[in-house]
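Below is one structure; the comments refer to it alone.
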Amino acid sequence: MHFVGVDLAWGDRKPTGLAVLDDGGRLLRVTAADTDEAIGAELAPYVDGACLVAVDAPLVVTNASGNRPCEAALNRDFAKFDAGAHPSNTRKAEFRDEPRGARLARALGLDIDPASTAKRRAIEVYPHPATVALFRLGRTLKYKNKPGRSLDQLRGELLSLVHHLEGLSDAATPLLLDHPDWAALVGRIEQARTKADLRRCEDPVDAVVCAYVALFAEREPQQTTTYGDLERGYIVTPTLPPGHRPAPRQAAAEAAQDRAEQQRVEEGASDAVQAYARLQPSLREVTERCVAAVTEALDEAGINYLSVSGRAKSVASFAAKAARQIDGTPVFTDPLREITDQIGVRVITYLQPDVTAVAGLLAEQATVLDDRDMGRETASEGRFGYSSRHLLLEMDAARAVRLPVQVQIRTVLQHAWAEFEHDIRYKGTIPAEHVPDLDRRFTLAAGLLELADREFSEIRDRLQAGMSGQRPEADRADPRIGAQELAAFLAGQYADASWSRTDHYAWISGLLLELGVTSLTELTDLLRPVDSEAINERLGYKHPPSAVRRLDDALLSVFGEKYLALHGNEHRENLLRTRLEKMRSA
């Protein structure tokens, strides 16, 4: 589903801001257009399927004079924040016939009923009250050009809105602005030399607000208010928080001065953010190489794992982190150098011993700059909570950008707890009276999951010990040794080895078929003279190799060059040759 924001101009000669978010709140498009035809062409790819289009312009106007009832109702709540709506009525030429917003919605085939459940809909929104409610502003940000407002003041207020929007990356309904067009738009705001330059940036930013209101209304309807109705006009906006009060006008003026001062303090961070925005596309490529390198290392070592994933830090997340302050002092004086998680890789294992094995393997293959066992740190304080192993590595795959790589390693249960806790505790809105009980419940869950991790490890060990001598029924239609059959055999052959990934048993069974080994009897005879302990010693393993890796080593020792030449080993011939040379040199 797409969420579209339209900051609609009142005439074809002025630009209309357009923004599109995907179902996860990630920005896909931010731009401007003028005519209805140009707007329709820009939006066509995003409104063909399920969509909610939020239009900052009246869709329904039936009153002959004054305010629409929805405007009057909204003004009772928001006018004191300087966020009241301007009157719309049919005396005004632009509303005498069909309003432009309604005409656009009709052309796109969108249902404008706010109560509709149609897949393709449009609603009327208004950015000013939305920002007051979303960001708990004492008064609206004064980025609209009016007499007495300087270019620097307008720029500071618009950048304040930008920073508020980027801060929504951690909201319960996140807004993810890691898009090069957004970075370019922010750059134009920062470099604007005239008010006209700034005005051209204002509409797309407002469109992003509109798009987010559409997303918010869909995801958090209980926190959304619809003033009015389809018959006489309506406005949809995030609900004004209970008890929220407007700032005194003098305080609002001082706040504007504070924001201008804050802008000057953050100029260094803004430079870093712009530099990072230029760097980030190349970091995505580096991250992919790092993920591939870690995956290859784990597969080559035969360590069992669930997944390996990675991400380059988004521009919005970098900007938020670079702007952090403690008591008015920036946390980072050189964000590009001091923010060390710009490249992140995450390894999810099944069991806790595998976390240790992965950390040990990566420490062998890269320079460790930092190693934190978050679970051990939590336990040392006598608590249950977040558990994950965090390594900061110098990796060859990232050498081109001269940046460290943060690798997080955790079990699937630790990952589930961390993800859920982050979403609920840090992205949710928790009433203060519920926080102690929430803390207690998360602590209880962490303790239970730690116990479950231990029990799963014990279950694996017992199963592994009990699999010796078992022979699952073979598939007579497949000449290969079955993966389950091979797993049971290797559990007995290498009783001290850990389990391998399920797909690795099938993979090495294919190599055995290439060698002409199609039965466990043949494999038993083949392995009988192999001294596996001597091979392990020669290869200098610092972590226990898995069952499939032990068999792989044995086959390499027996067949040598013939094993290297197998079609199934074509992708790793160089790695195998290095291993074979270690075996022979010893």
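The values are calculated or read from the model by the stated rules, or taken from the named source; none is laboratory data. This one's a predicted model, so the numbers in the text were calculated from it and none came from an experiment. Positions of Cβ are backbone-derived with ideal geometry, glycine not excepted, and every protein chain shown enters the neighbour counts. All accessible areas refer to the heavy atoms of the entire protein, side chains included, with ligands and DNA or RNA removed. Shrake-Rupley method; radii C 1.70, N 1.55, O 1.52, S 1.80 Å.
Taking all protein chains into account, the per residue accessible area for region 279-329 stands at 44 Å² (1.4 Å probe). Surface composition of region 483-585: carbon plus sulfur atoms contribute 49% of the solvent-accessible area (1.4 Å probe, protein chains only, all chains present).
Return the whole-Å distance between the Cα centroid of region 79-119 and the Cα centroid of region 159-197. Taking the Cα centre of region 159-197 as reference, the centre of region 79-119 is 26 Å away. For residue 567, neighbours were defined as the other residues whose beta-carbon sits under 13 Å from its Cβ, and their charges (Lys and Arg +1, Asp and Glu -1) total -1. For region 116-224, with all protein chains present and a 1.4 Å probe, just round the carbon and sulfur fraction of the accessible area to a whole percent. That share works out to 49 percent. Taking other residues whose beta carbon is less than 15 angstrom from the beta carbon of residue 367, and scoring Lys, Arg as +1 and Asp, Glu as -1, yields -3. Entry comment: accessible area of region 2-238 is 41 Å² per residue, from protein heavy atoms only and a probe of 1.4 Å. For the pair residue 231 and residue 245 in one chain, pulling the backbone fully straight at 0.36 nm per residue adds 1.9 nm over the alpha carbon distance. Note on region 2-238: with charges restricted to the Cβ of Lys and Arg (+1) and Asp and Glu (-1), its dipole about the Cα centre is near 840 debye.
Fully extending the segment from residue 309 to residue 282 would add 8.0 nm, taking 0.36 nm per residue of separation and subtracting the current Cα-Cα distance. When Rg and Dmax are taken over the Cα atoms of region 2-238, they come to 16.5, 46 Å.
Distance between the modelled labels on residue 223 and residue 448, one decimal in nanometres: 2.7 nm (7 Å Cα→Cβ projection).
What lysines sit close enough to residue 313 to cross-link, taking a C-alpha to C-alpha distance under 22 Å and skipping anything fewer than 8 places away on the same chain? List returned: 321, 427.
Straightening the chain between residue 561 and residue 92 buys 160.2 nm, computed as 0.36 nm per residue apart minus the Cα-Cα spacing.
Taking the convex hull of the alpha carbon positions in region 483-585 and averaging its projected area over all directions gives 6.1 nm². Packing here is the average count of other Cβ atoms within 10 Å per residue, and on that basis the peptides 291-299, 32-40, 311-319, highest first, run 311-319, 291-299, 32-40. When each of the peptides 340-348, 62-70, 576-584 is scored by how many other beta carbons lie within 10 Å of its residues on average, the order from highest to lowest is 340-348, 62-70, 576-584. The alpha-carbon of residue 14 sits under 28 angstrom from the alpha-carbons of these lysines, leaving out residues fewer than 8 places away in its chain: 92, 142, 144, 146, 195.
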